[in-house]
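Read-outs throughout are calculated quantities, based only on the coordinates presented, and are distinct from any laboratory measurement. Being a predicted model, the structure only gives us computed values, none of them experimental. Every residue, glycine among them, receives a Cβ derived from its backbone with ideal geometry; neighbour counts consider all protein chains shown.
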């Protein structure tokens, strides 16, 4: 990072909370445009979504309401699901916010929500194993470096235990997850290019609002559905942006 800043770039495009946090620590002058960031206000990157107020702006991953959407999708895919575990990092403020949003949406869907906090792979394995013993359960996996790096373990455990799960990014479904629903990451980078253009032409990051996703992707892995013994409703399949067969 120091080497990058030492080259005196006109602007930096960066993905993810960890990298934005480090850049914020090291520079308050070089314009930064971020993508795939969660909770930019809660993380202290910007003063507000409408008026970022400093040298940082960009495109964040989601709004809290997406937690209810994830629950609704898993209920639609597996109607008899009545309990859902939310796999999260309890030290992450955005995860706590999403958990509360899921809890608020759950009663209207006839679902009970339970939090499964994880900080490492051992806790992931124990958490999934403990929850999967109950009938009519599902799993929502929130995005975090821990869950992304251990996605092979999570997907493997969920499928082995016949636990229907929904994930946030497309690559989870490509890697064998049942369903993914989240922002189109490629689209976020395209939109970031527009902000780069505007900043290089004289606009200030402080004046460019942080934007939420405009395109979401629903991906369903039918191969995994067969492994789990599930028949995905045709209406849900028809809405999918991609079906893996």
Practice task
Going by C-beta contacts inside 10 Å, put 235, 1, 19 in order with the fewest on the left.
Solution key: 235, 1, 19
Fill in the blank from the handout: Rounded to whole angstrom, the alpha-carbon centroid of the stretch 62-139 lies from that of the stretch 1-54 at a distance of 30
Handout entry: Residue-averaged [θ]222 nm for the chain, counting only DSSP H segments that reach four residues, each worth -39500 (n - 2.57)
Key = -12500 deg cm²/dmol
Exercise for the section: Express in nm, to one decimal, how much length is gained between residue 51 and residue 245 on full extension, taking 0.36 nm for each residue of separation and deducting their alpha carbon distance. Expected result: 65.4 nm
Fill in the blank from the handout: Under a Gaussian network model of the chain whose springs join Cα atoms within less than 10 Å, the largest fluctuation of 169, 34, 131 belongs to 131
Problem - Relative contact order (percent, whole number), the chain, Cα cutoff 8 Å, 6+ residue spacing - result: 21
Practice task
Can you check how the C-alpha radius of gyration of the stretch 114-170 compares to 2.2 N^0.38 Å, as a plain ratio?
Solution key: 1.01
Problem - the stretch 1-113, relative contact order in percent, only Cα pairs under 8 angstrom and at least six apart counted - result: 20
Exercise for the section: For the chain, give the share of DSSP beta bridges that are antiparallel, in percent and rounded to the nearest 5; count only bridges with both residues there. Expected result: 15
Handout entry: Difference of contour (0.36 nm per residue) and Cα-Cα distance, residue 200 to residue 226
Key = 4.3 nm
Practice task
Give me the distance in nm between label points sitting 7 Å out from Cα along the Cα-to-Cβ direction at residue 4 and residue 125, one decimal.
Solution key: 3.4
Handout entry: Stretchable slack from residue 184 to residue 13, in nm (0.36 nm times residue separation minus alpha-carbon distance)
Key = 59.9 nm
Handout entry: Label-zone membership for the stretch 97-119, site residue 133, 7 angstrom Cα→C-beta point, backbone N under 14 Å
Key = none
Exercise for the section: Work out how far the C-alpha atoms of the stretch 121-245 reach from end to end along every principal axis, then list the three figures in whole Å, largest first. Expected result: 57, 36, 20
